[in-house]
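What follows is a set of notes on a single structure, which appears directly below.
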């Protein structure tokens, strides 16, 4: 019996492969994601455990964490190093200066190298031999810096910028750019580059000066004396550690740093796996549909097996066995494709300069395990329903002509089940989105949302057979129009193809005409010569093999074929379940891209609105990447530019405000109201003038949270450990989507008193005579000393932020395209199976005068109708989901904005999907031999 | 209506003499309900003896196919009962019927119903491998020789002629040495010459293996090789001929058509 199943599968090789592809892409994504993220994780694990291999204790500053943001940890006093050295358990100890983001290496064109958000480390390392054991950096060329004008940089930057030893390299720090002599090239651990991060290494005193760490270190590493364990050393250090710092063993520190990185790769992994899951879900639809069709077509086969003694169980097993083989095949192929994909991604990252450290990208048993579990599991699950249908085939079907599968036993309840599922899905989604954060954790919330969306799709898919008939009559007309437009666009190609085939294949016609057709076809833009090659190959094939070209074929016209399109529409309606399941697969992909597109459009609108509501300045100075704070000096520099009327700095850093981590900003009371619009709840612009040494204005959101009123006082604590008490002078409301200022704002002098190294997030600039190209040039010139920042007009700034959204959006579209492609294979499968099933009917149509081109158009029309049904179901669903999420995010003021142009593009993509899917099935229909088709049983 | 007056019951010997392997008692079959109800069988009593070759004949719509479906446990009677080897079919569940098919029933179809992806040999042994048994080598070779497929054993159905395909199907029905083989228009899809060959083969096999065979057919030649021919009309048995010639069969059919 198993043999029957396997032989049957072998007999339907092409179909099996098409079915398997539905799963291959999902498995590829799973195994690729796992291979890549595992390799990254183990690489970081390796790096950090190597780095701290011979370190017993590490002292570092504690950082605040606000919604995942952290800033540079506070420094440690230099005196602490002496105290650590004096401890009985300490053998050697050294201090390290390390600044995450201030050491901007200047490239050959004079701009700071853009690390794309990755750190730009500035290190000060004591490279004396006795401290080498603590040095995480490995020298590759030259030597370490010995004097204040020498620097060592990372090998990736050196290679990229073609810096050689002895070159003078500019580095911007907390002070303007200074040139250093390149004396060495190094790397971190054993990797050349970490995600595009750069580093510059100086002597300790140089680094302390550049990064404003007079008499301070960022980390202290110590090794224990013989006989003292790492933990004992840590215990000895603990009592002398200041309250804003912590001490860990080397192993703990390695683990902490690995965890910090892997929590990020974990996020990436789950994100990618979620998209793989979507592709697999769509794949499950395709498999379900394909198997349902083939099971129906094999009704007589199953019945015969039953009459000669096969039990229901055996029939079930034979269909499941088929699914297992298809799933295993798909898993096997997907496994290796995934590995290839991971290598490709790594290569692309390496090429683009954002190299990611990875261990060798190789298969591990866990990846093999997951690939097969996922691939085989999904296929078998999707095969269950068709397999049970197969067992319901009565043996008597073996003796009846034209026997069809009996309706499934749940068929009468399908609508109720569909409605039930949809209701449950909506309930789950609403609960997940609107439940308060206290009652529902993030993990569970995401799980509910995921399950809800999957149930919703399943419910709608089950409901859709009822919608096929009305939708088909509607999409029929859209399909006619859309197909006609495509026919028009491709007419030159169609015509050239026809002319060339006329020239080559129509023997018996006048030679002059044939030559004329050949020449005309060949010179026809845009594809004439390419088509000529194709037709030549077809001619050779027809001579060498028994293959026959699709000829004779009538002259291509641009008529709208009312009769054939009507037949196609009826074909798409006659088996609503099949059309619905095919369309449902596409529906999922289209719903998700619509959802993402609409949500992004809403966010862009909110972002733009938030900026327009708040920012009155004509120009905005930010760091190059747009979000890391920059040196305050750069803000002072722009204030001196000739066209500047007002330059208002906004200081920005994390602080503990009234007990919780928040952003604190420092504003200039004299100028801020000229560049920033406060939506006052209590107070007015005049309030700003009364801030004084300890006055603050707070965002209404914080005020509500902490029940603060004007006149109340609240404590502010910063990372260095300094604290102060501030008095609420005014309360304003900032747009929650993008509050430009921190939750609380004090004056710049008050801010600078709290922070050792105060930085600007923005400098808002008003100029004389408004924004212009000339002004832009003058402003750019004013900040050349500070290559790590940029000045943009407000409009440019908004556009740049839209571009950031768009690039993330593109990333999501690419991932979702995968599921659209999977559903495309589903459409090819369904159409091909329908053509096969209707062979006799097509033969009849051809016998009564349907031309090849008409047969082709008929199948194509059915493809486009089906695709458009998918769009008609999916796009409203996507809009609805976006609306739901927008409502759920209303506290962040996310707007609901329908991206009409994007949706039109999706619609066109759906039409193209239908056309492409119909390509081969239509060809098969057109090539049918009429006589054979009529005799076909 | 006039046929209704013919008493079918009287023409048939009472069911279940000791030698019967298939027995039907007062079998009726009604399709549909209410006004649309159709009575395909209106009370049939019959039995088939061991080693007997029985032909079931009758015009279209006479109920002959329905009778065979019910005898072969493909369909259930509305009332009455059927026994195969003294087992009442009505009481069996799906698994028990499956077992019954494996042990007692063989099928030959009008359209052969071979599995296209299996070779002739594999098609023949399929009922055994489904039941998890091995073919008796000697018997199998003998069977293969008898149906004349020794040199076609590894061919696929698509590489065989219609007659050869039906030979494969006959061998498949005989390979388990079932209690009874049911044949549904076995020559219905073949030309005259091939039909004759197939009928001869069926007759030979029944003799040599003492195989019981019930055959539904339109073909008077098929009925002529039978030990007994039952004629159905309007859901009743109207004639029971023993060892009829082709002419007698034709006459009987004409009589029915009148």
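Bear in mind that the values in this text are calculations on the coordinates, not laboratory data. Predicted, not measured: the structure shown is a model, and the values here were computed from it. Neighbour counts run over all protein chains shown; Cβ positions are idealised from the backbone, glycine included.
Listed peptides A:274-283, A:307-316, A:24-33 appear in the order A:24-33, A:274-283, A:307-316 once ranked by packing, highest mean of other Cβ atoms within 10 Å at the front. Principal-axis analysis of the Cα atoms of chain B puts helix B:246-257 at an angle of about 40° to the longest axis.
Taking a temperature of 10 °C and a viscosity of 1.306 mPa s, what whole-number D in µm²/s does Stokes-Einstein yield for chain B with Rh from Kirkwood over alpha carbon pairs? Result for D is 85 µm²/s. Sorted largest first, the principal axis extents computed over the alpha-carbon atoms of segment A:705-863 equal 92, 47, 27 Å.
Using square roots of five times the C-alpha gyration tensor eigenvalues, list the equivalent-ellipsoid semi-axes of segment A:63-243 in whole Å, biggest first.
Details: eigenvalues 178, 68, 44 Å².
Calculated on Cα positions only, the semi-axes equal 30, 18, 15 Å.
Extension gain for residue A:435-residue A:167 works out to 90.5 nm (0.36 nm per residue, less the C-alpha to C-alpha distance). In degrees from 0 to 90, rounded to the nearest 10, what is the angle of the helix A:250-297 Cα long axis to the longest principal axis of chain A? Between the helix axis and the principal axis of chain A, the angle is about 10 degrees. Start at zero, step by 5 Å, and the Cα-Cα distances of segment A:752-844 spread as 3, 9, 10, 11, 10, 8, 8, 6, 6, 5, 5, 5, 4, 4, 4, 2, 1, 0, 0 percent across the bins.
Just the Kirkwood number for chain A, please: inverse of mean 1/r across all distinct Cα pairs, in Å, one decimal.
Details: mean 1/r = 0.0306 Å⁻¹.
By the Kirkwood definition, the hydrodynamic radius is 32.7 Å.
Between segment A:3-38 and segment A:224-268, the C-alpha centres lie 47 angstrom from each other. Modelled this way, with points 7 Å down the Cα-to-C-beta line, the labels at residue A:515 and residue A:416 are 7.8 nm from one another. From least to most packed, judged by other beta carbons within 10 angstrom and beginning with the fewest, A:317, A:559, A:840 follow the order A:559, A:840, A:317. Between 0 and 90 degrees, the angle of helix A:491-505 with respect to the longest Cα principal axis of chain A falls at about 50 degrees. Distance between the C-alpha centres of segment A:276-295 and segment A:488-538: 40 Å, rounded to the whole angstrom. Taking every C-alpha pair closer than 8 Å and separated by at least 6 residues, the mean separation divided by the residue count of chain B gives a relative contact order of 28 percent.
Fewest Cβ neighbours within 10 Å first, please rank A:523, A:97 accordingly.
Numbers: A:523 12, A:97 26.
Least to most surrounded, the residues fall as A:523, A:97.
Applying 1/(1 + (r/R0)^6) with R0 = 35 Å to the Cβ-Cβ distance of residue A:13 and residue A:804 gives a FRET efficiency near 0.15.
Over segment A:262-338, what lengths in whole Å, largest first, do the semi-axes of the equivalent ellipsoid take, defined as the square roots of 5 times the eigenvalues of the alpha-carbon gyration tensor?
Numbers: eigenvalues 272, 31, 20 Å².
Result for segment A:262-338: semi-axes of 37, 13, 10 Å.
Averaged over peptide B:108-115, the number of partner chain Cβ atoms lying within 10 Å of each residue's Cβ comes to 4. Seen from all directions on average, segment A:20-161 presents a Cα convex hull projection of 13.8 nm². The Cα-based radius of gyration of segment A:625-787, divided by its Kirkwood radius, gives an Rg/Rh of 0.98.
Indicate, rounded to the nearest 5 percent, the antiparallel portion of the DSSP beta bridges found entirely in segment A:625-787. Don't jump to the answer; show the numbers that get you there.
Values: 30 of 39 bridges.
About 75 percent, rounded to the nearest 5.
Between residue A:550 and residue A:348, the contour length at 0.36 nm per residue exceeds the alpha carbon distance by 68.5 nm. The tail of the calculated P(r) for segment A:621-697 beyond 13 Å holds 74 percent of all Cα-Cα pairs. On the basis of the beta-carbon distance and an R0 of 30 Å, residue A:727 and residue A:677 show a calculated FRET efficiency of 0.80. State the Cα centre-to-centre distance between segment A:778-815 and segment B:41-57 in whole Å. Between the Cα centres of segment A:778-815 and segment B:41-57 lies a distance of 91 Å.
What's the exposure ranking of A:153, A:268, A:740, going from fewest to most Cβ atoms within 10 Å?
Values: A:153 24, A:268 13, A:740 21.
Final ranking by Cβ density, sparse to dense: A:268, A:740, A:153.
For chain B, what does the helix formula give at 222 nm: sum of -39500 (n - 2.57) over DSSP H segments with n ≥ 4, over the residue count, nearest 500 deg cm²/dmol?
Values: 9 runs with 92 residues, N = 258.
About -10500 deg cm²/dmol.
For peptide B:121-134, the mean count of partner chain Cβ atoms within 10 Å of a residue's Cβ comes to 3.
So if we plug the beta-carbon distance of residue A:892 and residue B:161 into 1/(1 + (r/R0)^6) with R0 = 51 Å, what FRET efficiency do we get, rounded to 0.05? Before the final figure, lay out each step's value.
Details: r = 76 Å, r/R0 = 1.49.
Approximately 0.10, to the nearest 0.05.
The length gained on full extension between residue A:701 and residue A:466, counted as 0.36 nm times the residue separation minus their Cα-Cα distance, comes to 79.8 nm. Computed over segment A:812-937, the range of Cα coordinates on each principal axis works out to 68, 21, 20 Å, biggest value leading.
Out of all DSSP beta bridges with both ends in segment B:117-258, state the antiparallel percent to the nearest 5. List each step's numbers first, then the result.
Details: 6 of 11 bridges.
Counting DSSP beta bridges with both partners in segment B:117-258, the antiparallel share is about 55 percent.
Placing dummy labels 7 Å off each Cα toward the beta-carbon, the span from residue A:451 to residue A:814 is 3.3 nm. Which residues among segment A:245-276 fall inside the zone where the amide N is under 20 Å from a point 7 Å beyond the Cα of residue A:83, along Cα→Cβ? Counting backbone N atoms under 20 Å from the label point, the list is A:245-250. Per-residue ellipticity at 222 nm for chain A, helices alone: DSSP H runs ≥ 4 residues times -39500 (n - 2.57), over residue total, nearest 500 deg cm²/dmol? My calculation for chain A gives -19500 deg cm²/dmol from helical runs alone.
Evaluated at q = 0.10, 0.18 Å⁻¹, the base-10 log of the normalised Debye intensity for segment A:404-527, with identical point scatterers placed on the Cα atoms, takes the values -0.66, -0.98. Extending 7 Å from Cα along the Cβ direction at residue A:530 and again at residue A:442 yields two label points whose distance is 4.7 nm.
Rounded to the nearest 5, what % of the DSSP beta bridges within the protein assembly as shown are antiparallel ones? Please report the intermediate quantities before stating the final value.
On the way: 98 of 134 bridges.
Taking every DSSP beta bridge with both residues in the protein assembly as shown, the antiparallel ones total about 75 percent.
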